[in-house]
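Asks: This is the structure I want to talk about, given as structure tokens.
Since every read-out is calculated from the coordinates, none of them should be taken as a lab result. In this text, all values refer to a predicted model and were calculated from it rather than measured experimentally. Because the Cβ atoms are built from the backbone with ideal geometry, glycine has one as well, and the counts that use them run over all protein chains shown.
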Amino acid sequence: MTTENRAHHHIDDAYIDGAFVRVHGSEVVASVNPATGQVIGTAVLADRADARLAIAAATRAQERLRHASKAERIDMLHSLRSAVLAQTERIRDITIEEYGGPVARAQWISQYASQCFANTAAALAQHEPVRRIGESTVLMEPVGVSVLIAPWNSAAGSICSKLASALAAGCASVIKPSEFSNLQTRVVTEALHAAGLPEGVFNVVVGRGTDVGDELATHPGVARISFTGSTATGKLIARAAVGTMKRVGLALTGKSASIVLDDADLSAALPLAVNAAFMNNGQACIAGTRLLVPRARMDEASERLHTIVAGMRVGDPRDPATQIGPLASQAQFDRIQRYIRRGLEQGATLVVGGEGKPAGLDAGFYVKPTVFANVRNDMDIARDEIFGPVLSVIGYDDEDDAIRIANDSVYGLQAYVFSSRPERAVGIAPRLQAGTVLVNRITPDLLAPFGGVKESGIGREFGQYGFEAFLEPKTVSVG
């Protein structure tokens, strides 16, 4: 049962086999409004028994879904789109309340949550499940029951995007959102339920990674795992999954570089670079948190960055004028403070921001958007994913040096390149070790494949590449 009022929400169920059922777990966690620090809800977490029930429900649904026609799956995707679209405002509002996303960002997430079903339906319509290769016929078949693990920094979008891909491929799923996004998960799940899909096609259980997550990663009834989160957790999941040879897709940590080439117009490039770094309050794996500028223009860039960032509106995420809201939790606030101190200790030049909270924002988990200049690429603030509004500006000597620095990272999720000559920027894209390169833009193409290289992940999401990751080719040859 779930009860709601203006001040408090309580959740004690999971979504299994087409119904909301009381969980077997007993651990209670609180949801805190990051803008105020006040508790706004509680939830009882699921346990291994709930995870097993969800897997069993998905297994029963899998046989039917495996044989569903393309037209049937497209119809299901459109039903999900309509159901989620009808709840756009609720999704937006709970994203602001529980997560602290500024209203513009929360609105984008809520709209994408429904749009991803339409995007995937369009990609599925063009898909050919039977292919002739050489002397053989290749059948693209669903891999089977899949686990979809969504992060707390993009709950609604990740849940819906992963579900769209799994369903398009004909895979029943068990969705495990983060235990830090219980209220967002509930609103999204109610929207998905309203689509009226067959029982067990998708199931939603929220629990600890050490409990529910481990059960899902090791259970022999699961064929595939799609995980978005930290590299450290992704490695644990991959190790657990290999025992039953599960297929694994991992979208992991990033430390993306934004390269401002020497011919770039700083007045145009730097505002985009700041937005790339501070998107989603800086809590984004694709954030461009290493800004590479020509060494000769470091002073000019620093002055411009000071002006841009000092003028940013930090505050109530419900206010349309707000550009940066609070971080998601006290733990996130403390993490950012540690990295700011570490940047100072290691000799970076503080351009703007610094430790502590912005003036007048004593309640909640607000931090000062911070820029460091004269950063070396071996400093902690340049090596680690900080996951907050902290930008490290690194000088380079020439184009080859910029590419070397950009690639000098264990991560390779996304890169940004700014130039007055787009063809020049496109020309260096093949030399950058990243899954995506954006030129003179910071908005992704949500139909193109998304994922990382090196320790930023395995596999791709979105569009045709996203749902084909849930398919296995079967070769049939006749003598």
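Asks: Treating only the Cβ of Lys, Arg, Asp and Glu as charged (+1, +1, -1, -1), what charge dipole size does the chain show about its Cα centre? Round to the nearest 20 debye.
Replies: So the magnitude is around 580 debye.
Asks: Then there's this: Could you give each residue of region 28-37 its phi-based ³J(HN,Hα) in whole Hz, using Karplus coefficients 6.51, -1.76, 1.60 with θ = phi - 60°, and x for Gly or Pro?
Replies: Karplus-based 3J(HN,Hα) across region 28-37 equals 10, 10, 9, 9, 10, 6, x, 7, 10, x Hz.
Asks: Over what distance in Å are the Cα centres of region 1-70 and region 167-232 separated?
Replies: Cα centroid to Cα centroid, the span is 9 Å.
Asks: How much net charge surrounds ALA125 when only the other residues with a Cβ under 13 Å from the Cβ of ALA125 are counted, with Lys and Arg +1 and Asp and Glu -1?
Replies: -1
Asks: Just the projected area, averaged over all directions, of the convex hull on the alpha carbon atoms of region 107-211: how many nm²?
Replies: The number I arrive at for region 107-211 is 8.2 nm².
Asks: Using the Cα atoms of the chain, I'd like the radius of gyration and the largest Cα-Cα distance, Dmax, both in angstrom.
Replies: Values for the chain (Cα only, Rg and Dmax): 22.6, 78 Å.
Asks: Report Rg (one decimal) and Dmax (nearest whole number) for region 380-463, counting Cα atoms only, units Å.
Replies: Calculated on Cα positions, Rg and Dmax stand at 13.3, 38 Å.
Asks: Hey, another quick one. Compute the helix-to-body angle for 231-241: its Cα long axis versus the longest principal axis of the chain, expressed 0 to 90° and rounded to tens.
Replies: With rounding to tens, the tilt is 20 degrees.
Asks: Once you compute Rg and the Kirkwood Rh from C-alpha atoms, what is the Rg to Rh ratio for region 24-103?
Replies: Taking Rg over the Kirkwood Rh, I get 1.12.
Asks: Also: Mind ranking 449-460, 138-149, 401-412 by how tightly packed they are, going by the mean number of other C-beta atoms within 10 angstrom, highest first?
Replies: Highest mean packing first, the order is 138-149, 449-460, 401-412.
Asks: Going by amide H atoms built from the backbone, whose H comes under 5 Å of the H on ALA46, apart from near neighbours?
Replies: Amide H to amide H, under 5 Å and 5 or more residues apart or across chains, ALA46 pairs with VAL206, GLY207.
Asks: Among 244-253, 181-190, 69-78, what's the highest-first ranking by average C-beta atoms within 10 angstrom per residue?
Replies: 181-190, 244-253, 69-78
Asks: Can you give the Rg/Rh ratio of region 1-156, where Rg is from the C-alpha atoms and Rh is the Kirkwood radius?
Replies: Dividing the radius of gyration by the Kirkwood radius yields 1.04.
Asks: Using Cα pairs under 8 angstrom and six or more residues apart, how large is the relative contact order of region 257-446, in percent?
Replies: This gives 28 percent for region 257-446.
Asks: Moving on. Summing Lys, Arg as +1 and Asp, Glu as -1, what charge do residues with Cβ under 11 Å from the Cβ of ALA296 carry, ALA296 excluded?
Replies: Around ALA296, the surrounding residues sum to -3.
Asks: I've got another one for you. Whole-Å semi-axes of region 153-280's equivalent ellipsoid, largest first, each the root of 5 times a Cα gyration tensor eigenvalue?
Replies: 33, 20, 14
Asks: Given region 233-333, what whole percent of its Cα pairs are spread farther than 20 Å?
Replies: In whole percent, the long-distance tail amounts to 54.
Asks: Computed over the Cα atoms, what is the radius of gyration of region 257-446 divided by 2.2 N^0.38 Å, N being its residue count?
Replies: Here the answer is 0.97, to two decimals.
Asks: Counting DSSP beta bridges in the chain, what percent are antiparallel, to the nearest 5?
Replies: Restricted to the chain, the bridges split so that about 45 percent are antiparallel.
Asks: Something else about it: How large is the convex hull of the Cα atoms of region 339-479 per residue, expressed in Å³ as a whole number?
Replies: About 180 Å³ per residue, rounded to a whole number.
Asks: On to the next question. Averaging sequence separations of C-alpha pairs under 8 Å and six or more residues apart, then dividing by the length of the chain, give the relative contact order as a whole percent.
Replies: Relative CO of the chain lands at 18 percent.
Asks: So, one more: State to the nearest 20 debye the size of the charge dipole of region 257-446 about its Cα centre, where the only charges are +1 on K and R beta carbons and -1 on D and E beta carbons.
Replies: Around 400 debye, computed over region 257-446.
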